[in-house]
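A.B. asks: Quick one: the structure is below, questions incoming.
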Amino acid sequence: MTHSSDTEAPKRTTSRLAKEERRHQLLATALVIIREEGADRLTLGYLATRAGVSKPITYEHFATRVGLLTALYKLLDEQQLHVLQEALIYVQQNLRDTADVLATAYIHCSVDTGGEWHAVRAALAGSEEMGAVQQELLAGYVQLFSTTLAPHSSLAPVALHRCCVGLVGAGEALSVLMLSGQCSELEAATAFSSLIQGGLLLSPQR
């Protein structure tokens, strides 16, 4: 998720940072590179130059360009998930309101990260790591949906899980549709909310 504090390039520094602080600096710098120059410009060597560190440091943290892109993809997804979780804290305790908040927040995350997230995703397309990373991250969303919707469902846990797998897939498809300009954010969120409600109300109770 893009915040105002993330839009400025991290200051070049050669000072010694703790490992996690250095990793955060490198990832923040990588996002600036993608935002300003595109994902094709991002290499470990260029990242080292922009971050003001030696090449071995970037290789120590990420090993390969794919490793760097994978770390960025996970970071952006974690930010999306956090925003979604925050939105659900104040949700009203009924299915319609829960579905509305869940759908609106999920679709809006695609808007907020439409630049960097999709650039990183495109850069990773075709890599062996991409499939595994996507499955891991989607599993996190399925779990969140299952936990959030469980109080409003009479489905058995296994059946609810299967239902949520389908719902998350639908959310992804609607996000793509919206980002391609085929519908508005509101239209995508409204359709997704309807699917969430219908999925729980119409699924076989077993």
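A.B. asks: Using Cα pairs under 8 angstrom and six or more residues apart, how large is the relative contact order of the chain, in percent?
C.D. replies: 21 percent
A.B. asks: Continuing with this model, one more query. At ARG41 and LYS55, where each label point lies 7 Å from the Cα along Cα→Cβ, what is the point-to-point distance in nanometres?
C.D. replies: 2.0 nm
A.B. asks: What percent does the relative contact order of the stretch 131-206 come to when contacts are Cα pairs within less than 8 Å and at least six residues apart?
C.D. replies: 37 percent
A.B. asks: Using a basic spin-label model with each label point 7 Å from the Cα along Cα→Cβ, how many nm lie between SER180 and ARG162?
C.D. replies: Each label point is offset 7 Å from its Cα along the Cβ direction, giving 2.9 nm.
A.B. asks: Hey, another quick one. Bins of 5 Å, beginning at zero and ending with the bin holding the largest distance: percent of Cα pairs per bin for the chain, please.
C.D. replies: Computed distribution, short to long bins: 1, 7, 14, 17, 17, 13, 11, 8, 6, 4, 1, 0, 0.
A.B. asks: Taking 0.36 nm per intervening residue step and subtracting the Cα-Cα distance, what contour gain separates TYR90 from GLU187 on full extension?
C.D. replies: Contour length minus Cα-Cα distance gives 32.6 nm.
Any read-out appearing in this document is the output of simple, stated calculations on the displayed coordinates, not a laboratory observation. Here the structure is a predicted model, which means the values were calculated and not measured. Positions of Cβ are generated from backbone atoms using ideal geometry, with glycine treated the same way; all protein chains shown enter the neighbour counts.
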